[in-house]
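The values are calculated or read from the model by the stated rules, or taken from the named source; none is laboratory data. Keep in mind it's a predicted model, so treat the numbers as computed, not measured. With ideal geometry, Cβ positions are generated from the backbone for all residues, glycine too; neighbour counts draw on all protein chains shown.
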Amino acid sequence: MHTGTAASPQHWWRDAVIYQVYVRSFLDSTGDGIGDLAGVRAGLPYLKKLGVDGIWLSPFYPSPHHDHGYDVADYCGVDPVFGDLAEFDHLVADAHRLGLKILIDIVPNHCSSEHPWFRAALEDGPRSAARARFHFADGRGAHGELPPNNWRAMFGGPAWSRVTEADGEPGQWYLHLFTPEQPDLNWREPAVGDSFDEVLRFWLDRGVDGFRIDVAAGLFKHPSLPDSPDPEADERARDSVNPLAWNQPEVHQVWRDWRAVCEEYTARDGLDRLLVGEVSVPTPREHAEYVRPDELHQAFFFDLLSAQWDVDAFRKAISEALTDIAGTGSTVTWVLNNHDQVRTVTRYAGESTEVGTARARAAALLMLALPGAAYVYQGEELGLPEVDDLPDEVLTDPIFRRTGSRLRIRDGCRVPLPWSGQASPFGFTAAGSAARPWLPQPEWFAQHATDRALTDTRSFWHLYRDGLALRRSLPQLGEGTLRWLETEPAQVLAFVRGDGLVCAVNFGLGSVPAPAAGAPLLASGDCPPGILPASTAAWWISDPAATPDTPKTPGNPANPANSTDSTNSADSSKGITS
């Protein structure tokens, strides 16, 4: 929670910056080549120094790891590869001593095919109570040899698999919108909801500060499971598009129930327990329905992440979010990257990695200036590009296994982090260990290692650290208002936060006049006074005394102080460029 903003300690989440930890790729404490909870614990001082408010942990539950933990076999345990419950408790305690919040990932749409519930469903047979917890159905065709409908799995192939019954004969089919090892749960069966109520309380009693909810727009399917009007589109899309399987109205009652559980714990100590949802829906207006006052506190706003490097696309995404989502009383939850997406540097690269680097730095500074909360995926603070040349034989993403295509695979953003040194494992795995990192690290990771980033004041790490420090200390940032500035030329996106903090981004290919006077307070690249270079973002504290003698036309506001009360600041002359 940022002390310079309107958020109270109780509502710490409204302007918090949370760091996403993909546990198996963060830091390996045991030397087996896989990150673990003890490694996360060892990295907490690093994250505290960076300046984030908390961390979100990817799934660490017992799992056969067909989808690296998003196939959960036990929702109330820790997979031995990551540690145990005692280690988890130590992690929570250490994080809280450092003032960091702990969010854990919960996966309610589906479980593992090795979960005891699904094993019982196979054993107990058709129309049993155990099968009612899932979507089992008889097949179509003369002998039930065809799937119950034409739905496609998002990770490739049909969304149905047929089981062999106890008598050895082919039997019913079950629904899995991701992989066959991840059967979808049937939330129309009350036992499912009752069980997750117990899961929430189990982790809240261990001190977690909230939950990131996987596939939060899922859970309920159309009760008659009809054919999809466009099954091929369902399979091509990474985000939820099948209107028969996602965003059903009944899902909102689940979030009301979960919010009520969190409110019980808030009533004990006055601190909110956060629910943040992975909500993939067609429009910001539908997104806003998930963050109404009695439902989720937050939902990731993916439109900014998916926007092309284009001034109109960014402005549209931001404007719609502020209109529809902030209008609910929640705050927008901004993201530029996560464990399912191509890394920002590569996504923005266009002509070259250098261009992608400049744009990713500018986008980071823009995101940190927006009102609301922000989530940062591990490695973004190091400027890591995507590792896009992993050999086929090391790929682990089920999308690759299901489709045989490298399109949309996610291994490239999950390569273990480089911490130090000039060669793999770059400090990720204990020195002297014979085990290699679970995904190979390229040689060029040396350029992005944490030890180098910490000593280079012009690194991505220092840009994030300085931006987070200013976000915490300046009353204009975090939660609050945003007002657009009209700029000339049109490739500049500029706005005012609060009482006179200006943020501007040049989306063009050439330098333009800066929309504010003087040296910037912070910039994503070299930014001389009066100039905003291409692919650069900068912050200024407007100072009426520094207003230049130029016309103050609506299309070229030399000083935004003309249209807002501004705050003088000694910091406005620092000209920090990380």
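Observations
- Residue in the range 423-440 that is part of a loop (DSSP other than H, G, I, E, B), assigned by TED's automatic domain parsing to the domain that holds GLY327 and within 20 Å of the chain's Cα centre (by Cα) present: no
- On the stretch given as the range 468-489, residues that are modelled with pLDDT of 95 or more and of a type in the set (Val, Ile, Thr) total 0.
- Any pair with Cβ under 7 angstrom, 6 or more apart, that starts in the range 71-83 at a residue that is under 18 Å from SER113 (Cβ atoms) and ends at one that is of a type in the set (Val, Ile, Thr): VAL72/VAL107; TYR75/VAL199
- Verdict on GLN172 being in contact with a Ser or Thr (Cβ under 8 Å, 6 or more places away or on another chain) and either buried (at least 19 other Cβ atoms within 10 Å of the Cβ) or not in a loop (DSSP other than H, G, I, E, B) (or both): no
So that you can scan it fast, the table gives a plain yes or no per residue for (1) touching an Asp or Glu at 6+ places or on another chain (Cβ under 7 Å); (2) loosely packed, with under 14 Cβ neighbours inside 10 Å:
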{"site": "PRO80", "(1), (2)": "no, yes"}
{"site": "GLY83", "(1), (2)": "yes, no"}
{"site": "ALA86", "(1), (2)": "no, yes"}
{"site": "ILE102", "(1), (2)": "yes, no"}
{"site": "TRP117", "(1), (2)": "no, no"}
{"site": "ALA121", "(1), (2)": "no, no"}
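- VAL492, sole failed condition from (1) under 21 Å from ALA369 (Cα atoms); (2) surrounded by fewer than 21 Cβ atoms within 10 Å (Cβ to Cβ); (3) at pLDDT 95 or above; (4) outside the structural domain of ALA517 (by TED's automatic domain parsing): (4)
- Residue selected from the range 273-294 under the condition touching a strand residue (DSSP E or B) at 6+ places or on another chain (Cβ under 8 Å) and part of a loop (DSSP other than H, G, I, E, B), by the criterion farthest from ASP324 (Cα to Cα): ARG273
- Exactly one residue out of PHE136, PHE88 is assigned by TED's automatic domain parsing to the domain that holds ASP167 and of a type in the set (Phe, Trp, Tyr): that is PHE136.
- Within the range 407-428, the only residue that satisfies the criterion of being farther than 17 Å from GLY33 by Cβ, surrounded by fewer than 17 Cβ atoms within 10 Å (Cβ to Cβ) and in contact (Cβ under 8 Å) with a residue 12 or more places away in the chain is GLN422.
- Qualifying residue in the range 349-358 (condition: crowded, with 24+ Cβ neighbours inside 10 Å, touching a helix residue (DSSP H, G or I) at 6+ places or on another chain (Cβ under 6 Å) and either modelled with pLDDT of 95 or more or part of a loop (DSSP other than H, G, I, E, B) (or both)): no
- Candidates ARG472, ARG465, ARG452, ARG401: the one that is among the basic types (Lys, Arg), within 23 Å of GLY69 (Cβ to Cβ) and surrounded by fewer than 22 Cβ atoms within 10 Å (Cβ to Cβ) is ARG401.
- Any hit, the range 251-271, residues being on the phi < 0 side of the Ramachandran plot, surrounded by 22 or more Cβ atoms within 10 Å (Cβ to Cβ) and modelled with pLDDT under 95: no
- Verdict on LEU271 being closer than 27 Å to ALA153 by Cβ and touching a residue at least 12 places away in the same chain (Cβ under 8 Å): no
- Within the set GLY125, GLY144, the sole residue that is over 30 Å from HIS11 (Cα atoms), out of contact with any Ser or Thr (no Cβ under 6 Å at 6 or more places or on another chain), surrounded by fewer than 23 Cβ atoms within 10 Å (Cβ to Cβ) and touching a residue at least 40 places away in the same chain (Cβ under 8 Å) turns out to be GLY125.
- Going through (1) at pLDDT below 95; (2) in a helix (DSSP H, G or I) one by one, TRP203 falls short only on (1).
- Residue-level analysis places THR331 among those that are surrounded by 19 or more Cβ atoms within 10 Å (Cβ to Cβ) and of a type in the set (Ser, Thr, Tyr).
- When residues in the range 49-66 are screened for being in a loop (DSSP other than H, G, I, E, B) and closer than 22 Å to TRP13 by Cβ, 6 of them pass.
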